[in-house]
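> Pasting a structure below so you can have a look.
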Amino acid sequence: MIREKGYARTTLEAVARRAGMTTGAIYGNFKNRDELFIALGETYWAPVKPRIKPGATFAEVMHAMAKATLEAIPERTTAAVGRLTGMAYALTNPDLRARVRDVTAGSYKFGAEWLRTLGDERELPMPPEQLVCVIHALIEGLVLQRILTPELFPDEVFFAAFGALAHHRRDPNPTATAVADEANAAKGPAPE
């Protein structure tokens, strides 16, 4: 129904009619339309969940993440238009956007905690709170680009992208590196 009418014109009453339910039954499950949209997003665009063997290295985890992302593409292909339409609607609806932010923040918190269980946090390429955001953005971008332009995003691109995360090492002193980088940038290019 949302694909037919769009988010702005889909009412809970119309959803109830289409589902053969009463509006009371719909409102019993969702306090408003935005909550229904969030539930649809969580159902049809569920998080990618890699299968990881106990004791796996971070490189093995990232390989499993690439594989799980590729496995999610067929299901996500059928939901892509709804996903993008929902995202566009959230951009114009401050209440829904705030709710999406809250749900996403909760997912990021859970993801960061999961990343901490993989081993020594210092072995991650960045703090878990940042890494979970990068992984999410990587999955979203790769999946949507693969759906849109599959010939430009073969499987190898997915494995290379997650592999790059696996092989990047965190700078033990990022503040000192940033200060040095700023100082070098202020000097200008090195003479040849």
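> In whole Å, what three semi-axes, largest first, describe the equivalent ellipsoid of the chain built from its Cα gyration tensor (square root of 5 times each eigenvalue)?
Details: eigenvalues 293, 80, 66 Å².
Value: 38, 20, 18 Å, ordered largest first.
> Also, quick follow-up: Could you rank the peptides 65-75, 44-54 by their average count of other C-beta atoms within 10 Å per residue, with the highest value first? Show your work: numbers first, answer last.
Values: 65-75: 17.5, 44-54: 13.1.
My ranking of the peptides, most packed first, is 65-75, 44-54.
> Now, a different point. Of K5/K31; K31/K109; K31/K67; K31/K53, which sit over 28 Å apart, Cα to Cα?
Details: K5/K31 21 Å; K31/K109 25 Å; K31/K67 37 Å; K31/K53 40 Å.
Table pairs above 28 Å Cα-Cα are K31/K67; K31/K53.
> Something else about it: Applying 1/(1 + (r/R0)^6) with R0 = 45 Å to the Cβ-Cβ distance of R169 and K31, what FRET efficiency is obtained, to the nearest 0.05? Kindly include the intermediate steps, with their values, before the conclusion.
Working: r = 46 Å, r/R0 = 1.02.
For R0 = 45 Å, the calculated efficiency reads 0.45.
> Quick one: if the Förster radius is 22 Å, what FRET efficiency do E151 and E71 give, using the C-beta to C-beta distance and rounding to 0.05?
Values: r = 20 Å, r/R0 = 0.89.
Computed FRET efficiency for E151 and E71: 0.65.
> I'd like the orientation of helix 155-167 relative to the chain: the angle between its Cα long axis and the longest Cα principal axis, in ° from 0 to 90, rounded to 10.
Taking Cα atoms only, the helix is inclined about 50 degrees.
> What FRET efficiency, computed as 1/(1 + (r/R0)^6) with R0 = 25 Å and r the Cβ-Cβ distance, is obtained for F110 and R18, rounded to the nearest 0.05?
On the way: r = 32 Å, r/R0 = 1.30.
Efficiency computed from Cβ-Cβ geometry: 0.15.
> Here is a follow-up. Measuring from label point to label point, each 7 Å out along Cα→Cβ, what is the E140 to V103 span in nm?
So the two model labels end up 1.3 nm from each other.
> Place a point 7 Å from the Cα of L91 along the Cα-to-Cβ direction; which residues of region 135-155 have their backbone N under 16 Å from it?
Under 16 Å, as judged by backbone N against the label point of L91, lie 141, 144-145 of region 135-155.
> Below 8 Å, C-alpha to C-alpha, sequence gap of six or more: please give me the relative contact order for the chain in percent.
On the way: 126 pairs, mean separation 41.0, N = 192.
Relative contact order for the chain comes out at 21 percent.
> For the chain, find the longest principal axis of its Cα atoms and tell me its angle to the long axis of helix 33-44, 0 to 90°, nearest 10.
Approximately 60 degrees, to the nearest 10.
The numbers here are math on the coordinates, done by the rules we state, and not lab data. Keep in mind that this is a model prediction, so the values were computed, not measured. For neighbour counting, all protein chains shown are included, and Cβ atoms are generated from backbone atoms with ideal geometry for every residue, glycine included.
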